[in-house]
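Worksheet: the structure to be examined is printed underneath.
The values are calculated or read from the model by the stated rules, or taken from the named source; none is laboratory data. Quick caveat, the model's predicted, so the values are computed rather than measured. Here the Cβ is made from the backbone with ideal geometry for all residues, glycine too, and neighbour counts use every protein chain on show. To get the accessible areas, we keep the full protein, side chains included, count just its heavy atoms, and leave off ligands, DNA and RNA. Shrake-Rupley method; radii C 1.70, N 1.55, O 1.52, S 1.80 Å.
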Amino acid sequence: MNSGLNAAALIGYRARMLPGDLTGGLATAIVAVPHCLPLGIIAFAPLGPAYAGMGATAGMVSSVIAGIVVALFGSSRILVGGPRVSSALLMAA
């Protein structure tokens, strides 16, 4: 288990890779944020309909924060991390 920033993944990283990485990050955010919105609503569903807005906000914010955490603390330069419906259902239970 990785316990800190993945400095080893930066070995061999070149500045010319940055525009492609930023484009990939933006494309991922465009897909991940709308995907996480209903997952947040599902997680907050047991609290009642009054909390649906808070669930949507939590889903959007958590998608951005989770992406940053996976990028910083991931175990590899090539890593896929994202929300799962099963995790939202477990939080809702």
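Looking only at residues in the stretch 54-74 that are under 8 Å from the mean Cα position of the chain (by Cα) and open to solvent by 80 Å² or more (accessible area, probe 1.4 Å), the one that is farthest from ILE41 (Cα to Cα) is ILE68. Contact map, the stretch 6-26: residues that are modelled with pLDDT under 85 paired with residues that are open to solvent by less than 70 Å² (accessible area, probe 1.4 Å) and not basic (Lys, Arg), Cβ distance under 7 Å, separation 6+ or inter-chain. Pairs shown: ASN6/GLY74; ALA9/SER76. Take ARG84 and decide whether it is at pLDDT 85 or above and among the charged types (D, E, K, R). It is false that ARG84 is at pLDDT 85 or above and among the charged types (D, E, K, R). If only residues of the stretch 30-51 that are in a helix (DSSP H, G or I), free of Cβ contacts under 8 Å to residues at least 12 places away in the same chain and over 18 Å from the mean Cα position of the chain (by Cα) are counted, the one that is surrounded by the most Cβ atoms within 10 Å (Cβ to Cβ) is TYR51.
What number of residues in the stretch 5-16 are assigned to a helix (DSSP H, G or I) and exposed (fewer than 11 other Cβ atoms within 10 Å of the Cβ)? Result for the stretch 5-16: 4.
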